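One structure below.
The values are calculated or read from the model by the stated rules, or taken from the named source; none is laboratory data. If you're wondering where the values come from, they're calculated on a predicted model, not measured in any experiment. Cβ placement follows ideal geometry from the backbone for every residue including glycine, while neighbour counts extend to all protein chains displayed.
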Amino acid sequence: MIRIDDILEKVSGRFGDKEIALLQKATVFSARAHKGQVRRSGEPYLSHPLEVASQLADMNLDATALTAGLLHDVLEDTDVTAAELRETFGKDVAALVEGVTKISRVQESSPELQRAETIRKIILAMTDDMRVIFIKLADRLHNLRTLKFLPETAQKRIASETMEIYAPIADRLGMGRIKAELEDLAFRYVEPEEFFRMASLLEPRRKKAEIALAAFRRTLGRKIIESRIPAEIEGRIKRPYSVWQKMKTQKIEFGQVYDFMALRVITDSVRNCYQVLGLIHQNWPPIPGRFRDFIAMPKPNLYQALHTTILTEDKSSFEIQIRTAEMHTLAENGIAAHWRYKEKDAQALVMEDRRLHWLREMVELFKEQRDPKEFLKQLKINLIPEEVYVFTPKGRVISLPAGASALDFAFRIHTEIGLHAAGAKINGKPSPLRTPLRTGDIVEIVTAPEREPARSWLSMAFTSGARHLIKRRLNQRDLQRAVALGRKLWEREIARFRLPPGFPGGNDLLARLTDVVPVPCRSLENFFALVGRGKIILSRKILERISPPGLEPRRKGYVGGLSEIQVKDRSRELVRLAKCCAPIQGEQIIGYLTTGKGITVHAGRCPRIVKELLSPDRLIEVSWGDLTPVVYKAGIIVSAVDSPGLLAKVTAAVAGQNADIVKADVATFAENKALIRMTLRIRDIRHLEAIRAEIARIEGVVSVDRT
Ligand code: MN
């Protein structure tokens, strides 16, 4: 069993006396709390927190993280309380242990929900303090190392959870060493048959492969020394899991796996990485399609290295990775390698780190996606993405999840570019913003200052980041419109009740409104928004209660003196045309405040207006304003004496007025009567009247009415 002294040894260079004392204190505390408890392996429980702390020491983490690692199970498995932890070890350690405990306590009805909820907890904990996930990964790693002692069902559950949650997260954080070990350990429990098949394929070749590897390593080493490049070379046989994965993703047999022998060259500079690469390619032919330059194009988790696979004289092949020492540390420990908690606010760090872009997207995803099925789907895209790499016109590489569109690209470049994106040029060719991008595309975004997101943009954006920004802008604009509309309605009522303009103004108004309006208002803006959305109706009762006594409206009913509310743009969410009467531009219209929806515009001829079915309190005067030309649909019904060619004459009349017919049908009745129903596309009410007049002139037509 590992001892605390082994851990102190590892950190002796980094930690001072105070920190060493803290770790010793935590060890004693943990030992006492877990006293009498035994791991399934038969070892005293304390071995587990010690292993976790040791792992955290290997990740180069600080004393707070190591202390929390030593204590990470005391809340879950012993009588120790959070308050006790806070008192003894301070709030940081206590918060970390609580964060870890919350993740282990997730209990959901189905495995799917369980998984979604676990990830949600992990992500939220990470945004608070990244160290929670480091501890959780160390915890998981040791649990997997001792998984053989658990019953089979638990083995399966823990292993598959590792494959689906913890390994991808470790990968996302660039923690290659832990990711690889987690996958290797979980593999044998998740896919036992495949694991043993791989092992039986690899094992007989191991001896020969090791000899070949050592020989090639010596040859390569000599060449590198001759060229005076400082370098270290490591050789290894690939792990069963990574060989298996390669076979699966590339759909190849074991015999076709070239590179289960791999070498790693670690040198001192980027320049020398390419020098080594050149040297290798000069001496051994590279296998086409196997060279990848992750130095020029880092992976999204910022992994950097050159990868190539070469063929030797005796036809064996080796995969070679070339990187600097710095890149190597980053590839092994990822984000933990440079995680300096104290320098800055943890949240600020999370927001800044490019590797954590996905984390921010996931946080947004939680906020917007309540449906667990959809959530899991999105999660998969975010957590295990297939990436496409595209270029800006200046040659900067942008990585996006596969399926991302030009619009996603625009938002990734800059929020403002996304919000005003008007079109895209992909490889120089004008393309719609919804176009999915492919690796290698050069993408240029054309912006226009007047362009603004519309609701339809949501179907063009794939990444949750872009979707979030679009939604946010739509909501902002919606709010602005509601406030403007509410203010107008308020001013109209002031005028109608002969109150001085600006009455009573500012905070005074807000104070008077409390207790009077049915919905609490946080601010004046909030009040106007609620009025604009029809959630508060400025009824006479409300106005009487906040005004001086003797309040009298100028006129009864809805006909106010203002007509500033203009139906300018049909697409504006807060002013919409009623479906029941479908008013057409130029017609007499009246607005009706619909709760939560703003103003619905009805035609004066609408039966609901004529029969006074709508509450007069909510009616407001509106005008058409200066509309940009819009096409309306209108239905007409022609009653006529049936005669040959009647329909042809009617359609000719419509066409003569430059209107389109959307739909037409004819019904004939006894006594030679015919009814033609048509749906037309027209410009405005005058256009419709002209068409009606034209049809009425046709011989045999009795009447032309609107439907
Ligand atoms: Mn544990």
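Here are the numbers for the structure shown:
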| read-out | value |
| --- | --- |
| Test: residue in region 257-277 that is of a type in the set (Phe, Trp, Tyr), in the same structural domain as PRO204 (by TED's automatic domain parsing), in contact with a helix residue (DSSP H, G or I) (Cβ under 6 Å, 6 or more places away or on another chain) and farther than 23 Å from HIS328 by Cα | no |
| Selection within region 33-64 - part of a helix (DSSP H, G or I), away from the ligand (no atom under 15 Å from the Cβ) and more than 17 Å from ALA94 (Cα to Cα) | ALA57, ASP58 |
| Meets criteria (part of a loop (DSSP other than H, G, I, E, B), under 26 Å from LYS121 (Cβ atoms) and within 12 Å of the ligand (Cβ to nearest atom)) for HIS72 | yes |
| Number of the condition not met by ASP259 [criteria: (1) without any contact (Cβ under 8 Å) to a residue 40 or more places away in the chain; (2) surrounded by 13 or more Cβ atoms within 10 Å (Cβ to Cβ); (3) outside any helix (DSSP H, G or I)] | (1) |
| Residue within region 185-194 that is within 16 Å of the ligand (Cβ to nearest atom), under 25 Å from GLU43 (Cβ atoms) and in a helix (DSSP H, G or I) present | yes |
| Any chance ALA116 is buried (at least 19 other Cβ atoms within 10 Å of the Cβ) and either under 27 Å from the mean Cα position of the chain (by Cα) or in the same structural domain as TYR241 (by TED's automatic domain parsing) (or both) | yes |
| Tally of residues being of a type in the set (Gly, Ala, Ser), assigned to a helix (DSSP H, G or I) and buried (at least 18 other Cβ atoms within 10 Å of the Cβ) across region 461-519 | 5 |
| Scan of region 663-678 for residues that are of a type outside the set (A, V, I, L, M), modelled with pLDDT under 90 and assigned to a strand (DSSP E or B), ordered by number | LYS663, ASP665, THR668, LYS673 |
| Any pair with Cβ under 9 angstrom, 6 or more apart, that starts in region 228-255 at a residue that is part of a strand (DSSP E or B) and ends at one that is among the basic types (Lys, Arg) and surrounded by 15 or more Cβ atoms within 10 Å (Cβ to Cβ) | GLU232/ARG264; ILE233/ARG217; ILE233/ARG264; GLU234/ARG217; GLU234/ARG264; GLY235/ARG217; GLY235/ARG264; ARG236/ARG264 |
| Scope region 1-23; condition in a helix (DSSP H, G or I), free of Cβ contacts under 8 Å to residues at least 40 places away in the same chain and either surrounded by 14 or more Cβ atoms within 10 Å (Cβ to Cβ) or among the hydroxyl-bearing types (Ser, Thr, Tyr) (or both); matching residues | LEU8, ILE20 |
| ILE233 being surrounded by fewer than 17 Cβ atoms within 10 Å (Cβ to Cβ) and among the hydrophobic types (A, V, I, L, M, F, W, C) | no |
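This table checks each residue for (1) away from the ligand (no atom under 16 Å from the Cβ); (2) at pLDDT 90 or above.
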residue: ARG131; (1), (2): no, no
residue: ASP139; (1), (2): no, yes
residue: HIS142; (1), (2): no, yes
residue: THR146; (1), (2): no, yes
residue: GLU161; (1), (2): no, no
residue: ILE165; (1), (2): no, no
residue: ARG172; (1), (2): yes, no
